[in-house]
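First the structure, in the form of structure tokens, and then the observations on it.
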Amino acid sequence: MDGQSGTMSPKAFQAIAALAKEEAGLVLTQGKATMIQSRLRKRVRALGLTDVDAYAKFVTSREGEAERRNMVSALTTNVSHFFRESHHFDLLRNLAFPALIDRATRGGKVRIWSAGCSSGQEPYSIAMSLLAMSPELAQRDVLILATDIDPNILSFAQAATFSEQQVAGITDAMKKSFLTRTGEDGKYQVNAPIRRLVRFRELNLHGDWPMRAKFDVIFCRNVVIYFDPQDQAALWPRFHAALDSNGWMMLGHSERISDSALNLFTSVGPTAYRPVQAVPGTAQVKR
Ligand SMILES: C[S@@+](CC[C@H](N)C(=O)[O-])C[C@H]1O[C@@H](n2cnc3c(N)ncnc32)[C@H](O)[C@@H]1O
């Protein structure tokens with residue numbers, strides 16, 4: 001390696017790739033080496049190291065253990081948008097939310113999980129959809145658990161402050177109801193009733209899931225795409241077990257349930273699934 005602008009050595013690349021797989025299940029291919037190197041440069045500078053090779057040596061050493069969370073944070077792709085893949089929100093508004101709102105209004109619990117929530121647009125979009133349908137849910141037992149492996153992006157999500165460009169996907173009516181201008185150039189803050197429905201937690205999907213309650217809806221979108229096929233396959237039975245028998249599961253547009261778990265889920269729309277034992281006769285959409 002020859003300085004910060006030089007090329008990461010194959011040995012350093014392999015060390016970083018092995019660690020990213022072990023820590024987060026991320027698959028880093030050689031074709032992404034330039035991108036990986038540029039993502040790590042900030043960490044190289046922050047630690048006062050000479051180059052990415054020195055960083056690889058440090059982060060794989062015992063002394064570098066605490067740095068691994070920052071490495072994972074630097075390597076994850078955090079792109080997200082409000083109401084991304086809006087067909088999922090349409091489907092839930094039409095087929096799932098009416099029954100869930102009814103249950104919550106009668107005093108029951110509603111639990112939704114945004115797994116790999118990144119900067120928060122996904123859980124906040126879910127909360128906005130629910131409160132737009134029934135403002136009184138703000139006083140009911142409704143909770144959206146929003147988890148991610150990346151502690152830095154969770155801090156951003158929790159701050160709930162977004163730029164004009166980031167809120168572009170929100171309708172004017174929802175902006176009016178759920179956002180407030182902060183006074184800081186073009187920034188918006190998500191209003192408290194929406195924020196109160198969402199709980200952010202750090203969670204590695206390949207580690208333990210401490211949640212005991214079943215979820216009515218699970219979003220795990222644009223996350224498993226970064227994992228290898230075996231790690232993806234290991235997740236579906238776990239999601240199935242975490243999902244209420246009458247629940248709904250949403251994946252990202254380029255993701256699919258692995259063949260080995262197809263017996264556990266029924267497809268009810270583009271990248272929308274229900275567990276196989278879902279109550280017969282419940283409205284389902286055709287593919
Ligand atoms: C591209 S974002 C997806 C955000 C959102 N779900 C959406 O579709 O807009 C992927 C997120 O998955 C998270 N992630 C990656 N590996 C993870 C893991 N092993 N456990 C939990 N989250 C992970 C990343 O930190 C990142 O925030």
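Per 0.36 nm of contour for each residue apart, how much would the distance between residue 171 and residue 196 grow if the chain were fully extended, relative to their Cα-Cα spacing? Intermediate results must be reported in sequence, preceding the final value.
Working: separation 25, 0.36 × 25 = 9.00 nm, distance 2.08 nm.
Gain on stretching residue 171 to residue 196: 6.9 nm.
Using a Förster distance of 45 angstrom, determine the FRET efficiency expected from the C-beta separation of residue 57 and residue 253, and round it to 0.05.
It comes to 0.70.
Under a no-solvent Debye model with one identical scatterer per Cα of the chain, what's log10 I(q)/I(0) at q = 0.13, 0.14, 0.15 Å⁻¹?
Each listed q maps to, in turn, -0.93, -1.05, -1.15.
If R0 is 41 Å, what FRET efficiency do you get for residue 185 and residue 276 from their C-beta distance, rounded to 0.05? Walk me through the intermediate numbers first.
On the way: r = 50 Å, r/R0 = 1.23.
For R0 = 41 Å, the calculated efficiency reads 0.20.
Running a GNM on the chain with Cα contacts under 10 Å, which residue among 260, 114, 134 ends up with the highest mean-square fluctuation?
260
Counting only protein heavy atoms and using a 1.4 Å probe, what share of the accessible area of segment 10-75 belongs to carbon plus sulfur, as a whole percent?
Working: 1860 of 3560 Å².
Carbon and sulfur: 52 percent of the exposed surface of segment 10-75.
In sequence order, what are the phi-derived ³J(HN,Hα) couplings for segment 104-118 according to the Karplus relation 6.51 cos²θ - 1.76 cosθ + 1.60 with θ = phi - 60°, rounded to whole Hz, with x for glycine and proline?
Each residue's phi maps through the Karplus curve to give 5, 5, 7, x, x, 9, 10, 10, 10, 10, 9, 8, x, 7, 6 Hz.
Using a 7 Å offset from the Cα along the Cα-to-Cβ direction at both residue 38 and residue 212, what is the distance between the two label points in nm, to one decimal?
For residue 38 paired with residue 212, the spin-label model returns 4.8 nm.
What are the residues whose amide H is under 5 Å from the amide H of residue 215, where those residues sit 5 or more places off or on another chain and H is modelled from the backbone?
Correct list: 243, 244.
Report the normalised scattering of segment 129-287 as log10 I(q)/I(0) at q = 0.11, 0.16 Å⁻¹, calculated by the Debye formula with identical scatterers on the alpha carbons.
Log10 of I(q)/I(0), two decimals: -0.55, -1.10.
Which whole-number value in Å³ per residue fits the convex hull of the alpha carbons of segment 10-75?
Numbers: hull volume 4.7 nm³, N = 66.
Spelled out: Cα convex hull of segment 10-75, divided by residues, is 72 Å³.
The values are calculated or read from the model by the stated rules, or taken from the named source; none is laboratory data. Here the structure is a predicted model, which is why all the values come from computation and not from measurement. Glycine gets a Cβ as well: all are built from the backbone with ideal geometry, and neighbour counts include every protein chain shown. For the accessible areas, the whole protein counts, side chains as well, though only heavy atoms, and no ligand, DNA or RNA atoms are used. Shrake-Rupley method; radii C 1.70, N 1.55, O 1.52, S 1.80 Å.
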